[in-house]
Amino acid sequence: SQKIEQNSEALNIQEGKTATLTCNYTNYSPAYLQWYRQDPGRGPVFLLLIRENEKEKRKERLKVTFDTTLKQSLFHITASQPADSATYLCALLMYSSASKIIFGSGTRLSIRP
Amino acid sequence: NAGVTQTPKFQVLKTGQSMTLQCAQDMNHEYMSWYRQDPGMGLRLIHYSVGAGITDQGEVPNGYNVSRSTTEDFPLRLLSAAPSQTSVYFCASSYGVSREVPDEQFFGPGTRLTVL
């Protein structure tokens, strides 16, 4: 079955640095991959979507890469701010699987001033 | 627009009781789905719908029923609550869907359910 691993449960970095979060998957190749932000006690909020034939996507300070050979997506936040502190989830979306959508368990990012 | 709304926000049930979690969206989205989120396990898809009258099972459908009589509403029914169903439940909707896989999803605020 499909499995997703997000690099670590928690990541602490200094304000102004670039935060890099990793999402690794096994088995089937997804049709595309999404990243969401989740704050405590709230529902996830969509950030970016990247398709299997795209290498990179950008939105303001956010960048996502997708390497189907390595079966990995990297999520970058440049010039990080304390307001970026949250849990970030990756999700694989697959045409070929009955499950259709699999979420990772998330990485809790803390940006210290 | 209110977006995706869920009621109730909190609920405590006794084992064996039944209840319905309500979900509504006002964005005219075709795709709607229900997830449960447990600590350390990420979101898991329970059921989804690609349009009124069409529903299908996700990864963890056992113990849950859904129906989709209108585009706006997608209620989730717990038939006979069990302690293993203690979780936070999220409803989501999406405008775009291709081969039952949704585009950007909009999530509701969640329902925190405890089954004693």
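The values are calculated or read from the model by the stated rules, or taken from the named source; none is laboratory data. Please read these numbers as outputs of a predicted model, since none were measured by experiment. Neighbour counts are summed over all protein chains in view; Cβ atoms, including those assigned to glycine, are modelled from backbone coordinates with ideal geometry.
Applying the set (1) modelled with pLDDT of 95 or more; (2) farther than 23 Å from B:A2 by Cα to B:M32 leaves exactly one unmet item: (2). Would you point out the residue of region A:84-113, among those that are without any contact (Cβ under 8 Å) to a residue 24 or more places away in the chain and either more than 14 Å from every other protein chain (Cβ to nearest Cβ) or surrounded by 20 or more Cβ atoms within 10 Å (Cβ to Cβ) (or both), that is farthest from A:T18 (Cα to Cα)? Ranking the candidates gives A:K100 first. Do you know which of the residues in region B:51-65 that are closer than 20 Å to B:M27 by Cα and crowded, with 16+ Cβ neighbours inside 10 Å is farthest from the other protein chains (Cβ to nearest Cβ)? Among those residues, the one meeting the criterion is B:A52.
Pairing each residue of region A:38-58 that is over 13 Å from A:F75 (Cβ atoms) with any residue that is among the charged types (D, E, K, R) and modelled with pLDDT of 95 or more, provided the two are 6+ apart or on different chains, yields C-beta distances under 7 Å for A:P44/A:R37; A:V45/A:R37.
Yes or no: A:T68 modelled with pLDDT under 95 and surrounded by fewer than 21 Cβ atoms within 10 Å (Cβ to Cβ)? The answer is yes for A:T68.
Taking the condition farther than 12 Å from A:L109 by Cβ, touching a strand residue (DSSP E or B) at 6+ places or on another chain (Cβ under 8 Å), among the hydrophobic types (A, V, I, L, M, F, W, C) and crowded, with 20+ Cβ neighbours inside 10 Å, does A:F75 pass? Criteria not met by A:F75. Criterion first (buried (at least 16 other Cβ atoms within 10 Å of the Cβ), in contact (Cβ under 8 Å) with a residue 60 or more places away in the chain, touching a strand residue (DSSP E or B) at 6+ places or on another chain (Cβ under 7 Å) and within 14 Å of chain A (Cβ to nearest Cβ)) does B:P102 satisfy it? Here the answer is yes, as B:P102 does meet what is asked.
Name the pairs: first residue in region B:13-24 and free of Cβ contacts under 8 Å to residues at least 60 places away in the same chain and assigned to a strand (DSSP E or B), second residue surrounded by 11 or more Cβ atoms within 10 Å (Cβ to Cβ) and of a type in the set (D, E), Cβ to Cβ under 6 Å, at least 6 apart or on different chains? These pairs meet every condition: B:A24/B:E72; B:A24/B:D73. Screening region B:30-44 for residues that are over 20 Å from B:T114 (Cβ atoms) and surrounded by 21 or more Cβ atoms within 10 Å (Cβ to Cβ) and picking the one that is nearest to the other protein chains (Cβ to nearest Cβ) gives B:S33. In region B:66-83, of all residues being in contact (Cβ under 8 Å) with a residue 40 or more places away in the chain and under 18 Å from B:P102 (Cα atoms), the one that is nearest to the other protein chains (Cβ to nearest Cβ) corresponds to B:F74.
Out of all the residues in region A:100-113, which are in contact with a helix residue (DSSP H, G or I) (Cβ under 8 Å, 6 or more places away or on another chain) and part of a loop (DSSP other than H, G, I, E, B)?
Selection gives A:P113 alone.
Please enumerate the residues belonging to region B:77-116 that are in contact with a Lys or Arg (Cβ under 7 Å, 6 or more places away or on another chain) and part of a loop (DSSP other than H, G, I, E, B). Correct list: B:E100, B:P109, B:L116. Take the conditions charged (D, E, K, R) and more than 14 Å from every other protein chain (Cβ to nearest Cβ) and apply them to B:D26. Does it pass? Yes. Which of the residues belonging to region A:8-46 are of a type outside the set (K, R), more than 14 Å from chain B (Cβ to nearest Cβ) and not in a strand (DSSP E or B)? Scanning region A:8-46 gives A:E15, A:G16, A:T18, A:T26, A:N27.
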